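Input: a single structure, listed below in structure tokens.
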Amino acid sequence: MATILDLGLLEYFVPFFVFIFVFVVVFALLEKAQFFGKNIGFNALIALCLGFLFVIVPEVITLVRLITPWF
């Protein structure tokens, strides 16, 4: 019996997972370091922009897919 993982259906969601991963990591780092103070909206905006930039470039998606299991 074929499962979802065998069919490669998960491959279509990789850009979404990369976006979520980058957004969460960047947002957490900005909140922890407090470069911009306690401004959560600005930190979220920067994390959102970096998440979209990571999704746009296919080579970066491949790099994140390669590096993510090491974390």
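For Thr68, Thr62, give the ranking by accessible area with the largest first, probe 1.4 Å.
Highest to lowest solvent-accessible surface, that is Thr62, Thr68.
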Completion exercise
Per the helix-only model, the chain has a calculated mean residue ellipticity at 222 nm (DSSP H runs of ≥4, -39500 (n - 2.57) each, divided over all residues, rounded to the nearest 500) of -22500 deg cm²/dmol
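Where in region 10-41 are there chymotrypsin sites (Phe, Trp or Tyr not before Pro) that are in a DSSP coil and have at most 15 other Cβ atoms within 10 angstrom of their Cβ?
Hits after loop and neighbour filter: Phe35, Phe36.
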Practice task
With a length cut of 20 Å (Cα positions projected on each helix's long axis) and a Kyte-Doolittle mean of at least -1.0, go through the chain and give me the DSSP H helices that pass.
Solution key: 14-33, 40-56
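The values are calculated or read from the model by the stated rules, or taken from the named source; none is laboratory data. All values derive from a computational prediction rather than experimental measurement. Reconstructed Cβ throughout: ideal geometry from the backbone, glycine too, with neighbour counts over all protein chains shown. Ligands, DNA and RNA are excluded from the accessible area calculation, which covers all protein heavy atoms including side chains. Shrake-Rupley method; radii C 1.70, N 1.55, O 1.52, S 1.80 Å.
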